[in-house]
1. Short version: ³J(HN,Hα) in whole Hz for each residue of the range A:238-250, in order, from phi by Karplus 6.51 cos²θ - 1.76 cosθ + 1.60 (θ = phi - 60°), x for Gly and Pro, what are they?
2. At 0.36 nm per residue, minus the direct Cα-Cα distance, what do residue B:256 and residue B:87 gain on full extension? Give it in nm, one decimal, please.
3. Working with all protein chains in place, sort A:276, A:328 by solvent-accessible area computed with a 1.4 Å probe, largest first.
4. Nearest 500 deg cm²/dmol is fine: what mean residue ellipticity at 222 nm does the protein assembly as shown get from its DSSP H runs of n ≥ 4 alone, each adding -39,500 (n - 2.57), divided by its residue count?
5. Work out how much length residue A:50 to residue A:308 would gain on full extension: take 0.36 nm times their residue separation and subtract the Cα-Cα distance, in nm to one decimal.
6. Could you tell me the distance between the Cα centroids of the range A:217-247 and the range A:56-130, to the nearest Å?
7. Which whole number gives the average, over all residues in B:85-97, of C-beta atoms from other chains lying within 10 Å of the residue C-beta?
8. First select every other residue whose beta carbon is under 11 angstrom from the beta carbon of residue A:181; then total the charges, Lys and Arg +1, Asp and Glu -1.
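The values are calculated or read from the model by the stated rules, or taken from the named source; none is laboratory data. Computed from a predicted model, the values in this text were never measured in an experiment. Neighbour counts are summed over all protein chains in view; Cβ atoms, including those assigned to glycine, are modelled from backbone coordinates with ideal geometry. Remember, those area values only see protein heavy atoms, side chains included, never the ligands or the DNA or RNA. Shrake-Rupley method; radii C 1.70, N 1.55, O 1.52, S 1.80 Å.
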Amino acid sequence: MNAEIERQPEEEIKPPVASVGVIGWIRANLFSSWFNSILTLITLYVLWKTVPPFFRWAVIDSNWFSTAEVCRGSEGACWSIIPANIRFILFGFFPYESQWRPLVAMILLVALLFYSRDRKHWKKSLAYAWVIGLVVMGLLMKGGILGLASVETTQWGGLPLTLMLSVFGLTAAYPLGVILALGRQSKMPAVKTLCIIYIEMIRGVPLITLLFMSSVVFPLFLPEGMTVNVILRAQAAIIMFTAAYIAEVVRGGLQGMSKGQYEAAESMGLNYYQTMRLVILPQALKIVIPPTVSQLISALKDTSLVVIIALYDLLKTTQSVLSDPAWMAFSSEAYIFVALIYFLCCYFMSSYSRRLEKELDTGL
Amino acid sequence: MPEKNDHTNSEPTGDAIIEIMDMHKWFGEFHVLQDVNLTVQKKERIVICGPSGSGKSTLIRCINRLEEHQRGRIIVDGIELTNDIKNIEKIRAEVGMVFQHFNLFPHLTIVENLTLGPIWVRKIPKKEAEETAMYYLEKVHIAEQAKKYPGQLSGGQQQRVAIARSLCMAPKVMLFDEPTSALDPEMIKEVLDVMIELAQEGMTMIVVTHEMGFAKSVAHRVLFMDYGQIVEGNTPQEFFENPQHERTKLFLSQIL
Ligand SMILES: Nc1ncnc2c1ncn2[C@@H]1O[C@H](COP(=O)(O)OP(=O)(O)OP(=O)(O)O)[C@@H](O)[C@H]1O
Ligand SMILES: [Mg+2]
């Protein structure tokens, strides 16, 4: 066809260089107008006033492996609180001599997550790996088999608990949210109404209330003598809560789809399920990756609310350490450490979402 | 029948493939299609024209149930269109549709666009579906773009891919809803050429278009629609040289 006439440029023309050298960059970006110059100077002053003292406190004068007494006599940060209490912070009341088990479970979980990052690895074998991995993790945590001492779930805590609540909470909430979003768009009035009621009710209630209800109200409805594990209940509350928010995000993506896409899919005979799975959802979910990840990140941070139903998650174990009179004075250090762990998790999520967006970008 | 390109096997056979009888459709209170009667024979090529808003798109969208009619009957390939979703899906698989705005799936490559229907609706093995896809891509002169995404193609190329996508389902009828009106002038020809080739091979086609040159050289019948009715239908020669109704004359005087 004549549309694709090859055109050969006479000679290569390079794109213009945006800025010349460091001086050029500084002038263009920091001192381009008197207003920008003032802002730059103020910023420099604030940095000068804050960064060096913080650096002195956190690095130069800091103590890393000392006792609490040594710390109290020092000006600097007392990072020693972390190594001295690391096992309680990470594992809570899990029996001391068995703490390698949650450690291995955690490493297994993180390894699986990392391996699953690459979309090339999304095959059937990966699903099997997850199933096996989950069973192994469960056995490691619970024990009572293969000579492992049995550990009550009430003794679970710390980082494994936080990771577990987050990873399972998010992976279960996401598909549930998608289903709710589809239900809300359904042409069947009963389904639609149910989904709307569910979403609006959950969104009208704070997570804390849901957690309380799951731990206080829900057991009242159970038949005599039957109990549901408190971690499971918290997990369910987190899933229900997050799913409602995901549903609204996904609905936004579905509404952004043009009618033409539905019509093209339907006009070739694809049924509803195929149209959604093959044509609509891949596009709609891609559009909403950024807000979805925001939701997931905030859900991850919200897992720290489980303290109110007496679960010892990462934040709570840290606080418990601080109730020890010896270490009471060093809350900043402890909280900075926990913040770093949360930050790492959230940062990986958002960087992964950026990568997914780039991979899925098809130019339209 | 007017004499056509020398192909003898591309002439209507006499058996109806689409029958529309006393069909009415409303959008709310608005009576968009009024008492439409139309029989299309196998291998027949029909061009529908008419002013904007006259119901041309709505009519052909009723044929594959993208729109629902409220009165009368539509029978496609022996199956009556009712609320039976299974029948509707069966008919849609047999009726290809090409849209004004192409409606390719932007998240899939060109080949994947073409194999989606065959694999999931016709249950054809992937390998075979890909071979068919390449065959039709070659037919629309675009095989070298197979691995690209729709967003990387020009409008004319996208529309040719859309045509190939419909052909991969081996449809018995092809519906075209203004396939060239979203295209720049220099791309219109490449799409029309593909449609003419298709016509020569004996595809049953219903084409909504304002390309009167195409109508003259390809159509067996040209229908004129206005206010939701088929005002008149005739061979292209009669239609253009000897229109019967005032409204047709007025319309032709405006567009020719
Ligand atoms: N979904 C809808 N709801 C309500 N009215 C509609 C809908 N779709 C189309 N209409 C109306 O029905 C009439 C016929 O529309 P249709 O798209 O069939 O016209 P057309 O002949 O294809 O026009 P054009 O040449 O502009 O494409 C128009 O007046 C339009 O406003
Ligand atoms: Mg139209």
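1. So the J values, rounded to whole Hz, are 5, 4, 4, 5, 4, 4, 4, 6, 4, 4, 5, 4, 5.
2. 56.7 nm
3. Ranked list, largest accessible area first: A:328, A:276.
4. Numbers: 25 runs with 325 residues, N = 620.
Computed ellipticity for the protein assembly as shown at 222 nm equals -16500 deg cm²/dmol.
5. 89.3 nm
6. If we compute the Cα centre of each part, the gap is 29 Å.
7. That average works out to 3.
8. Net charge around residue A:181: +1.
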